[in-house]
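Just so you know, all these numbers are worked out from the coordinates, no wet-lab data involved. Because the structure is predicted, anything quoted here is derived from the model rather than measured. Here the Cβ is made from the backbone with ideal geometry for all residues, glycine too, and neighbour counts use every protein chain on show.
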Amino acid sequence: MLTEEQIDLVLKAERDLWKIPETGFREVKSSKYMADIFEQLGYEVHLAGDIPGFYSDFDTGLPGPTVAIIAELDALLIPKHPDADPDTGAVHACGHHAQGAMLIGVAAAIKNEGATDGLCGKVRFISVPAEELIEISYREELRSQGVIEYLGGKMEFVRRGIFDGVDMSILIHPSGLPAGKMLAVTHGDNGSVAKHAIFHGVASHAGGNPMGGINALYAATNALNAANAIRETFSDGDKIRFHPIITEGGSIVNTIPDRVVVESYVRGATVDALRTYNRKLNRAFAASAAAIGARLTLCDRVGFYPLNNDWGMNDVMKESMEELFGENCVHVSKGRGGASTDMGDLSTMMPVVQAISTGCCGGAHSETFRVGDAKKVCVDTAECTLIAIRKLLENNGSRGKQIIENFHPLYKTKEDYFRESKEFIFDIDAVTYNSDGTVTLKYMQ
Ligand SMILES: [Zn+2]
Ligand SMILES: [Zn+2]
């Protein structure tokens, strides 16, 4: 359990990290803040390298499972938030900074006298960048420079070998819960494909010669209408979410727009659902461009795989919080959330749990979000995680080993994941006008 001094360290870290919000793959200050504390705690810090983030190990010295405890580093861009960074608009409106404070608490307290008596295996503390799938153009730039391959930090960490040897992962995400509830465990979250659709038309004088142009904005609005026309085919259980925005809508008002950009995610509960509906939506987009003689570049990127929390891990978290706050303090939901996270990608390879803590107020991802009770968000979750580690690694790691044995991965190796996920990574010219007057549509790999 945390000492008074350790609690102070955690609460200070929560406040300090709140004040240095940075978005994904830019979390230089936050990563350094975390790494410095880990060094002060006597850990060897293994930096990710040319991106923020690091890991540190606690080794019991006895063979057994390795449990990763994960904390995300990144903030969101909500310039209207009262605490947003005035220069960048960044703010921790998803509460990831509190995960960092919690991680510090666990890392500090696991070194306390007797804390790991009777445990085996290892704990890997991972401070990971870029969970929120935003600023896609910036990440594409990093991709083209060869810095990253994946848009989400966890899969980038997998690619870099930081999850090698990790058998199971725990993350507790800050949120708010009904009174009396300290934690929620759920079935999981949706997966997602990130879509960037560029409609190409022909510019012409909007007053003098509109008949000489091809209006890329109309191609895009056709596409949005066509997408809406197939929404009623989205089956309820697949939990499809499609929420496009237009990020470029034309340049000047007296020129017919020749370039319009639509961005969206396609979210769904299973990989099959993502595949099916993503193709349907791409087909609707391609046909809409073809309808008026426009062209379309479809850029799809694997967003996040559906998160399937492991029920063995869910049970461990539930029992751990109940040890602290008694029965009925944990909300158990068999339902799946509509959001997406790269914990989902990890869940294709290893048993994971992303539990939800309480103590935050206001709406996540909005200007009202804030941490209301930092003790609940950071300290209680750290205590809960310490108990969970004990449950997984005591008795020769029997419970952890049982969970590993019962787990059926979607992908047996990270190489399988890398290969299969390429299905959702492509840039294609979706509309080709053939010399014989026919049109060919291409909307999948
Ligand atoms: Zn978020
Ligand atoms: Zn989040």
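Near residue 184: Cβ cut-off under 12 Å, other residues only, Lys/Arg at +1 and Asp/Glu at -1. The net charge is +3.
The magnitude of the dipole of the stretch 181-291, with charges of +1 and -1 set on the Cβ of Lys/Arg and Asp/Glu and taken from the Cα centre, is near 220 debye. A full extension of the chain between residue 211 and residue 413 corresponds to an added length of 67.2 nm, given 0.36 nm per residue minus the alpha carbon distance.
Taking neighbour Cβ counts within 10 Å as the exposure measure, how do 239, 442 sort from fewest upward? Mind showing how you got there, number by number?
Details: 239 20, 442 16.
Ordered by Cβ neighbours within 10 Å, fewest first: 442, 239.
This model, with +1 at the C-beta of Lys and Arg and -1 at the C-beta of Asp and Glu, gives the chain a dipole about its Cα centre of some 1280 debye.
Over 29 Å between Cα atoms, which of 32/318; 154/412; 280/318 qualify?
Values: 32/318 32 Å; 154/412 17 Å; 280/318 40 Å.
Table pairs above 29 Å Cα-Cα are 32/318; 280/318.
Ranked by the mean number of other Cβ atoms within 10 Å per residue, highest first, peptides 227-234, 312-319 order as 312-319, 227-234. Sorted on the mean count of surrounding Cβ atoms within 10 Å across their residues, most packed first, peptides 370-376, 272-278 read 272-278, 370-376.
How big is D for the stretch 1-130, in µm² s⁻¹ as a whole number, if Stokes-Einstein is applied with the Kirkwood radius of its Cα pairs at 37 °C and 0.692 mPa s?
Values: Rh = 15.1 Å.
Calculated translational D: 217 µm²/s.
Taking Cβ atoms as reference points and 11 Å as the exclusive limit, the residues near residue 82 contribute a net charge of 0, counting Lys and Arg as +1 and Asp and Glu as -1.
By how many nm would the segment from residue 253 to residue 32 grow when fully extended, if each residue of separation counts as 0.36 nm and the alpha-carbon distance is taken off?
Numbers: separation 221, 0.36 × 221 = 79.56 nm, distance 4.66 nm.
74.9 nm is the gain from fully extending residue 253 to residue 32.
The C-alpha radius of gyration of the chain, expressed as a fraction of 2.2 N^0.38 Å, stands at 1.06.
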